[in-house]
Amino acid sequence: MLKTVQQIIISTFAVVGRAVPEQLKAAPPDQHHVSMGHVLRLEAVVQTQVQVYISFGGLLMQLTGDVDKLQELQVDANVYLLMRTLKQQA
């Protein structure tokens, strides 16, 4: 069975003075997972891209993306990885 999964990284659950983003609305428990991680390292790849290394209790994630989208992440900061299943295919 093939699953499509949405992944979102946020630095806080606080949504003060704003509507709750769609990605944070509760999903059924069997289709929802949240992990707390710790930013270990940031490296510039090219002028417009950066690599971010995050540890989730020893499980390491490397993200490569646009500086504009990853600029809020800082070394030694805690982050949260939200994952949910969008659809399943046979």
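Throughout, read-outs are computed from the coordinates displayed, never taken from laboratory work. All figures in this text were calculated on a predicted structure; none of them were measured in a lab. Because the Cβ atoms are built from the backbone with ideal geometry, glycine has one as well, and the counts that use them run over all protein chains shown.
One table, with the values for the structure above:
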read-out	value
Simple label model, 7 Å out from Cα along Cβ direction - His33 to Tyr53, nm	2.3
Whole-Hz couplings from phi, Karplus 6.51/-1.76/1.60, listed for segment 47-62; x for Gly and Pro	4, 9, 10, 9, 9, 10, 10, 10, 9, 10, x, x, 8, 9, 10, 10
Theoretical gain in end-to-end length, Leu2 to Met83 [0.36 nm per residue, Cα-Cα removed]	27.6 nm
Extension reserve of the Thr64-Val46 stretch, reckoned as 0.36 nm per residue once the Cα distance is removed	5.4 nm
